Every structure is written in C-alpha cells, then in structure tokens.
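Below is one structure; the comments refer to it alone.
Every number in this text was worked out from the coordinates using simple rules, so none of it is lab data. Please read all numbers here as calculations on a predicted model, not as lab measurements. Cβ coordinates were reconstructed from backbone atoms using ideal geometry, including for glycine residues, and neighbour counts include every protein chain displayed.
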Amino acid sequence: MKNYLLRVQYIGKNFYGFQKQKGILTVQGLIEDTLQRILRKPISTYGSARTDKGVNALNQYINFYFPDEIDTFIFQRKLNSIFLKSDIFIKEMTEVSLKFHARKSARGKIYAYIISDNPENALFMKSNVYFYNVNIKYQLIELALSGLKGKHNFSSFSNRARSQSDRNNICELYEAGFIRKDFVTVLYFYADRFLYHMVRRMVYYILKAGQGKIPTEILKDPFSAKEIPYTRQVLPGEPLFLVDVIY
C-alpha cells in the first residue's frame, strides 16, 4: 500500500466548500471523482482543512491510499490537464509515509482575510476582498489582535447552533497580525486549530474594534469579559484564504 499527498490550491467561489456532499459540487468530491476515473478504483481522500463555501486555498493538503506505484510527475500533469477549467490546481504530488494523515498530522494552520476601504483600486479583486467604508484606527486593530492571541476558549467566536456541550472549543492562537499593502490589508491568523466560522467572526470583531466600538479593556483581555461583543456576524467566505498547513 502507498500513501500519496497532493498539495492543492483552489478558488472557492464555485464550490460548496471542501468536504464532499452528495449531489453538490465540492473540492473533495471533484478530486475523488477524478482520481477514481483515472485509477479505476474507489478512492477516499483526507483533507487537512474543511474550508467552507467560497473559501479559497493557497495550500490545502490531501492524502489518499493506493495499492500500486504511481508516477507522481506524470499523474500530477494528468490531473492538472483535467482540472484546467475547474478552479483547482495540483501544486505538488509526493509519496509520503503510511503514517501520514493530512488532518491528524497537522500541527497548525494559517488563514488570511483580505479587506479594503478602496473599491476603486481594488475593483478587480472584488470577489476576494471585503470592503468597508468607515474609518479604521490601526492601533486599535493591533490591540484587538494582541488580545486574541494565546490559548483560550473561543466558543464566543464559534457557531453556537452547531455547538455541543462536550465540544472542545479550546484553541491556541500562536500569531495574529496584519499587513497593509497599497489599498488592501491582510489579516492573518496562525493557530493549532480553528472552529467553524471562527476566523470570519474574529475579523468582524476586529473591524468593530478598529472603529472604536469596543472598550479597550475588553480588547486587552476579551476572554475575561462577561460577553465579547460583535462575535455573531459571519463575514463572506470569498476573501478568506487557507494560506498553509504546518506539519
């Protein structure tokens, strides 16, 4: 038995998320169907992250097991020729240890969210940018990001409708920051794990912080507050990118 790893990038806007679902187009579903068509055997794949509808990936990792030797160079080219019009590109294909699992072996993930207050210059990035038309104080953004870092219960930023009483909501946010470049700002987050909709809820909270809508004592230590404000809004998925997975 062999274990093969695909390093994949994709544009998420035409997919209903990564995870395969019966009767709708997903990244995992399309990749599995294509693998099975080429290899002529049922294939189950394992992804490093279950990105939501519209979310993009610069580096998503997917492994699958196959009993025979595959020429990874030729097979990667064949996959890309098929995926040419479907917003998926296989960046790399390698054989890995049988013990490797794309999700279980991951030590952390990095996500980025792109925002802008300049629709004129960012017009051609429109589908992948969240626009806001209010004044932002970036020193407050820095304060909000700093307060989120560390190991905390992030249930305030989770989807409560999907929450379970015994669910693990503890995440360790190693890094959180932003990069301003010309007319866009990229907010980035590196954590051991992320909850459902967690990044998009954090971005909304951070933008409200930048507007001065949240008291500084909460920004400094939000997890000690009785209730963290502005955590219920989920921003669009298209400006969100899975940047990389750390192994």
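Overview of values
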quantity	calculated
Tail fraction, Cα-Cα pairs, region 2-96, threshold 23 Å, whole percent	15
Extension gain, Lys104 back to Gln233 (0.36 nm per residue minus Cα-Cα distance, nm)	43.5 nm
Lys53 long-range amide H proximity, modeled H, under 5 Å	Gly17
Principal axes of the chain: Cα extent on each, largest first, Å	60, 46, 30
Order of Ile31, Ile110 - criterion: other Cβ atoms within 10 Å of each residue's Cβ, fewest first	Ile110, Ile31
Listed residues Asn59, Ser44, Leu30: farthest to the positive end of the dipole of region 1-85 (Cβ charges)	Leu30
Sorted by Cβ density within 10 Å, fewest first, the residues Arg107, Arg200	Arg107, Arg200
Listed residues Phe73, Phe131, Phe83, most fluctuating in the chain (Gaussian network, C-alpha, under 10 Å)	Phe73
Segment Ser81-Leu39, extension gain: residue separation times 0.36 nm, minus the distance between their alpha carbons	13.6 nm
Among His197, His101, His152, residue whose mean-square fluctuation peaks in a GNM of the chain (springs only between Cα atoms under 10 Å)	His152
R0 of 45 Å, Cβ-Cβ distance Asn118-Phe89: FRET efficiency to nearest 0.05	0.95
Extension gain (nm, one decimal) between Ser97 and Phe183, 0.36 nm per residue minus Cα-Cα	26.6 nm
Distance between region 1-72 and region 207-226 - C-alpha centres, whole angstrom	39
Magnitude of the charge dipole, the chain, Cβ model with Lys/Arg +1 and Asp/Glu -1, debye to 20	560
Helical contribution to [θ] at 222 nm, DSSP H n ≥ 4, -39,500 (n - 2.57), averaged over the chain, rounded to 500	-6500 deg cm²/dmol
Highest-fluctuation residue, Lys149, Lys99, Lys53 considered, GNM on the chain with Cα pairs under 10 Å	Lys99
Bins of 10 Å, starting at 0 and running to the largest distance - Cα pair percent for region 108-246	12, 44, 35, 8, 1
Region 57-136 shape via C-alpha gyration tensor axes, a/c threshold 1.5	oblate
